[in-house]
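Asks: Encoded as structure tokens, here's the structure I'll be asking about.
The values are calculated or read from the model by the stated rules, or taken from the named source; none is laboratory data. None of these values were measured; they are calculated from a predicted model. In this analysis, Cβ positions are derived from the backbone assuming ideal geometry, glycine residues included, and neighbour counts consider all displayed protein chains.
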Ligand SMILES: NC(=O)c1ccc[n+]([C@@H]2O[C@H](COP(=O)([O-])OP(=O)(O)OC[C@H]3O[C@@H](n4cnc5c(N)ncnc54)[C@H](OP(=O)(O)O)[C@@H]3O)[C@@H](O)[C@H]2O)c1
């Protein structure tokens with residue numbers, strides 16, 4: 001039977017590739033994001049099993065409203081939505097806005113949705129996979145701190161869902177090209193600099209991360225929970 005899969009941030013980058021992978025396997029996929037036109041375009045490209053759902057996942061009212069549209073049974077929830085604010089003005093107000101913003105964009109987007117659909121996760125088979133970052137383990141200021149918070153939360157979540165036979169795991173990617181995340185900052189020189197920090201001599205692409213997410217969401221991964229799967233070409237270990 002086809003599974004019901006929800007992929008946040010499924011309109012672009014890693015999320016779209018994750019959604020493509022599930023759709024290709026015949027699963028029903030809901031992709032969630034804030035920009036309607038981006039989601040509609042992605043859903044049209046990914047095929048009839050993919051449905052767009054517009055929702056700002058950092059807004060509790062929007063999440064509550066989305067519950068009407070989300071499936072009554074969710075087999076796989078992929079918390080992939082997130083972003084990083086790079087521009088910052090001077091002073092403590094700007095600092096506070098940045099830290100709060102990164103927390104809202106990367107932590108609350110996952111927490112609000114997961115807690116809201118917790119009762120819809122399929123007992124015995126449900127899978128929650130959350131995308132954090134290598135930044136959670138090697139700094140990167142407010143963004144890294146926010147992604148690290150996902151790790152602590154995931155451990156708590158895995159303990160809570162475990163008795164129902166539902167797993168909760170993290171995929172922590174290194175640098176991934178082909179997404180909107182870096183924008184023009186990821187130029188040729190930066191790609192080469194970052195590739196040189198990995199053991200494989202290349203940065204990642206969305207398919208690398210989608211494969212890790214897909215594995216943790218598979219029925220075969222049912223005895224893996226509370227884990228962090230690093231997907232960074234060996235960058236964390238370093239040369
Ligand atoms: N690319 C990398 O090198 C890299 C490395 C490590 C981790 N990551 C993580 O991987 C995940 C995917 O990033 P990506 O690289 O694929 O970048 P991306 O193309 O910018 O994807 C982020 C997606 O999240 C959605 N999103 C952001 N805020 C949202 C909100 N409040 N509500 C709903 N949707 C929201 C965006 O859509 P809308 O703007 O339309 O809402 C977008 O589709 C992120 O969590 C990122 O932190 C990326």
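Asks: For segment 144-189, give me the residue count where each residue is within 11 Å of the ligand (Cβ to nearest atom), part of a helix (DSSP H, G or I) and more than 16 Å from the chain's Cα centre (by Cα).
Replies: 2
Asks: Something else now. Could you pull out the residue among 39, 77, 57 that is in contact (Cβ under 8 Å) with a residue 24 or more places away in the chain, outside any loop (DSSP other than H, G, I, E, B) and within 8 Å of the ligand (Cβ to nearest atom)?
Replies: Result: 39 is the single residue among 39, 77, 57 that is in contact (Cβ under 8 Å) with a residue 24 or more places away in the chain, outside any loop (DSSP other than H, G, I, E, B) and within 8 Å of the ligand (Cβ to nearest atom).
Asks: Go over the candidates 226, 201 one by one and state the one that is away from the ligand (no atom under 14 Å from the Cβ), closer than 19 Å to residue 110 by Cβ and in contact with a helix residue (DSSP H, G or I) (Cβ under 8 Å, 6 or more places away or on another chain).
Replies: 226
Asks: Now a separate question. What is the number of the single condition among (1) more than 13 Å from the chain's Cα centre (by Cα); (2) on the phi < 0 side of the Ramachandran plot that residue 141 does not meet?
Replies: (2)
Asks: Let me ask another. Does segment 198-215 hold any residues that are over 17 Å from residue 15 (Cβ atoms) and either surrounded by fewer than 19 Cβ atoms within 10 Å (Cβ to Cβ) or modelled with pLDDT under 95 (or both), and which are they?
Replies: Correct list: 199, 200, 201, 202.
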